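The structure appears right after this line, and notes come after that.
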Amino acid sequence: FRDFALALFGILPGTIFYAFLGASAGSLADSSSGGDNFTVTVIVAVVGTIFGISAIWLSARYARKELNRIAK
């Protein structure tokens, strides 16, 4: 059970990132058809994508460091 619980925490950044991308894509599609401020929506999507990629990269880096520590 412990391994599965740890794996759950390991996949959370990617899951949140992909959910954010899906919501942003829907928001962009809605704003392009409506009269909303399209520029603000694009900026929010780009900044969110950058933060999402950063979170995944940091998680992978930490996991790699821990695996190397355990393997030694």
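Observations
- Leading residue by the ranking (nearest to the chain's Cα centre (by Cα)) among those in the range 11-25 that are surrounded by 14 or more Cβ atoms within 10 Å (Cβ to Cβ) and either modelled with pLDDT under 80 or not in a helix (DSSP H, G or I) (or both): Leu21
- Tallying residues that are touching a helix residue (DSSP H, G or I) at 6+ places or on another chain (Cβ under 8 Å), at pLDDT below 85 and either open to solvent by 60 Å² or more (accessible area, probe 1.4 Å) or among the polar types (S, T, N, Q) (or both) within the range 26-55 yields 9.
The values are calculated or read from the model by the stated rules, or taken from the named source; none is laboratory data. Predicted, not measured: the structure shown is a model, and the values here were computed from it. Counting neighbours? That spans all protein chains shown, and the Cβs are built from the backbone with ideal geometry, glycine included. Accessible surface areas use protein heavy atoms only, side chains included; no ligands, DNA or RNA. Shrake-Rupley method; radii C 1.70, N 1.55, O 1.52, S 1.80 Å.
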